[in-house]
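Structure record follows, encoded as structure tokens.
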Amino acid sequence: MKVAEQASLESLNTFRVPARAALLVTLESEEDLLSLPPPRPDRDLLLGGGSNILLVDDVPGTVLLNRIRGIDVLERDADAILIEVGAGENWHALVQHAIAHGWHGLENLSLIPGLAGAAPVQNIGAYGVELSSVLRSVTAWDMQRATWAVLDAADCRLGYRDSLFRSHEPDRYLITSIRLRLPLPFTPRIEYAGIAEALARDGVTGSPSAAQVSQAVIRLRQQKLPDPQQAGNAGSFFKNPEVGADTAGVLADGFPALPRWPLADGAVKLSAAWMIEHCSLKGLARGGAAVSGRHALVLVNEGHATGAEVWQLATEVMNRVEDRFGIRLEPEPRIYRAPGARAERKP
Ligand code: FAD
Ligand code: NAP
């Protein structure tokens, strides 16, 4: 366990905005966790790779950096392998490790930044696949009850970029490991727009291998997304809103080109990127923050933005979209301590 006082968090969040923690504790084992005073969610903050958070304020208490590592095989049969992954494992490295070992199902989730422990928090998803398709259970320290908890996937209430950990019981569970059941036979998932074309450009004919699908996804992402090393960002800043069929119908009459995707529960998912572009907000800058010129969903730190400037820009985008479409966009990253930013806790 490492401990630092008055620590800078600038290199620990991919927005690269300045912020400080009164105390920074790096957890390397479960024993480290148990030797600490009980975390206080009102003052302390759990951090993985810092790729889905906007720090608008300093942390008055302790930032707990989860670096508990390990990838263990628990069971194997003809169809699948069950693995336990420490929360501090790098997600993309895990995906590559799985592919190298012939364990499948994670290829489409290649190159998502961050650590394995945060993957259930927003049920990470990309290119038509979500963590929910392979997650078996989550092991966590229940900070409310000061006890260990094992939550089956069904208890994690995984939804579209959502979970129990994000919306229903935020800051209650400190995730220490996740269990994944990964199929051994490979079934390519290449129906999502762009993957088949990227494979064809790579000269892949017939059924692709898992490594080829992963490479195609990596290249697509590198082409489309601003690299946080070049311009700080947290990926998509806004979730695609989900509305009822009636609202979707009204919007379709007014804006026939607005992309819409019907969901299994009857709701309709709308393209947040299209709405932002339609309001001519791409490139809009406030202080050192801007709506990326490459990707309307991504807000970037163009150099010396503060978290407050990024949040001011985000609020302006949300207001302008709401004025035009009557839909309030919801931020996808956690907004740490901006006035009025706390998402409502779901029952
Ligand atoms: P952090 O940002 O450190 O934390 C996120 C939240 O989880 C915080 O609320 C934190 O308190 C909580 N948390 C972190 N660790 C734990 C833990 N061990 N226990 C309990 N709570 C914890 N996301 C996608 O879903 N799909 C994508 O395709 C995608 N692409 C991205 C591309 C870029 C360029 C970037 C910068 C981000 C992208 N993201 C994407 C968002 C982000 O990478 C993921 O949400 C990722 O899972 C966040 O992991 P992290 O370790 O960085 O979490
Ligand atoms: P894209 O492929 O250009 O698609 C733009 C948006 O349209 C995405 O938000 C996607 O929703 C939605 N979409 C496209 N086809 C869809 C379909 N058949 N059904 C339902 N929704 C559909 O997006 P992109 O920005 O280049 O990203 C590619 C993938 O990586 C997407 O899955 C995206 O979610 C993921 N990604 C996520 C982040 C993040 O921070 N969360 C950052 C970068 C990329 P979905 O988001 O639901 O897929």
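Quick one: grab the alpha carbon gyration tensor of the stretch 132-179, order the square roots of its eigenvalues as a ≥ b ≥ c, and give me rounded if a/c is under 1.5, else prolate or oblate depending on whether a/b is larger than b/c. Oblate shape, in that a/c is at least 1.5 and b/c is the bigger or equal ratio.
Packing, taken as the mean count of other beta carbons within 10 Å per residue, orders the peptides 135-148, 54-67, 225-238 from highest to lowest as 54-67, 225-238, 135-148.
Considering only lysines 8 or more places apart in sequence, or on different chains, count the pairs in the chain whose C-alpha atoms sit under 30 Å apart.
Taking the Cα cut-off of 30 Å, the pair count is 8.
Fully extending the segment from His304 to Asp57 would add 87.4 nm, taking 0.36 nm per residue of separation and subtracting the current Cα-Cα distance.
Mean sequence separation of contacting Cα pairs (under 8 Å, at least six apart), scaled by the length of the stretch 56-134, corresponds to a relative contact order of 23 percent.
So if R0 is 51 Å, what FRET efficiency would Asp42 and Ser280 give, r being the distance between their Cβ atoms, rounded to the nearest 0.05? Once the sixth-power term is evaluated, E becomes 0.80. Counting only Cβ charges, +1 for Lys and Arg and -1 for Asp and Glu, the dipole size of the chain around its Cα centre is about 520 debye. Here the spin labels are modelled as points 7 Å beyond Cα on the Cα-Cβ line, and at Asp155 and Ser29 they lie 2.6 nm apart. The magnitude of the dipole of the stretch 148-252, with charges of +1 and -1 set on the Cβ of Lys/Arg and Asp/Glu and taken from the Cα centre, is near 280 debye. Rounded if a/c is under 1.5, else prolate if a/b beats b/c, else oblate: with a ≥ b ≥ c from the C-alpha gyration tensor eigenvalues square-rooted, which is the stretch 277-347? Cα axes put the stretch 277-347 in the oblate bin. Once C-alpha pairs closer than 8 Å and six or more residues apart are averaged by separation and normalised to the residue number of the stretch 114-166, the relative contact order reads 41 percent. Taking amide H as placed 1.01 Å from N in the peptide plane, the amide H of Val56 sits under 5 Å from that of Tyr336, each at least 5 places away or on another chain.
Compute the signed sum of charges (Lys and Arg +1, Asp and Glu -1) over the other residues within less than 13 Å, Cβ to Cβ, of Glu322.
Values: positive: Arg320, Arg324, Arg328; negative: Glu316, Asp323, Glu330.
So the surrounding residues net to 0.
Classified by the C-alpha gyration tensor, the stretch 162-202 has a prolate form. Its axis ratio a/c, with a ≥ b ≥ c, is 1.5 or above, and a/b is larger than b/c. Note on the chain: with a GNM built from Cα contacts shorter than 10 Å, the maximum mean-square fluctuation among Asp265, Asp42, Asp32 falls on Asp265. Placing unit charges on each Cβ (+1 for Lys and Arg, -1 for Asp and Glu) gives the chain a dipole about its Cα centre, and among Thr247, Gly105, Leu47 the Cα reaching farthest toward its positive end belongs to Thr247.
Tell me which of His168, Gly235, Ala4 sits at the most positive position along the dipole axis of the chain, charges placed on C-beta atoms (Lys, Arg +1; Asp, Glu -1). Result: Gly235, furthest along the dipole toward the positive end.
Any read-out appearing in this document is the output of simple, stated calculations on the displayed coordinates, not a laboratory observation. These numbers were taken from a predicted model, which means no experiment stands behind them. As a convention, Cβ positions derive from the backbone with ideal geometry for all residues, glycine included, and neighbour counts pool all protein chains shown.
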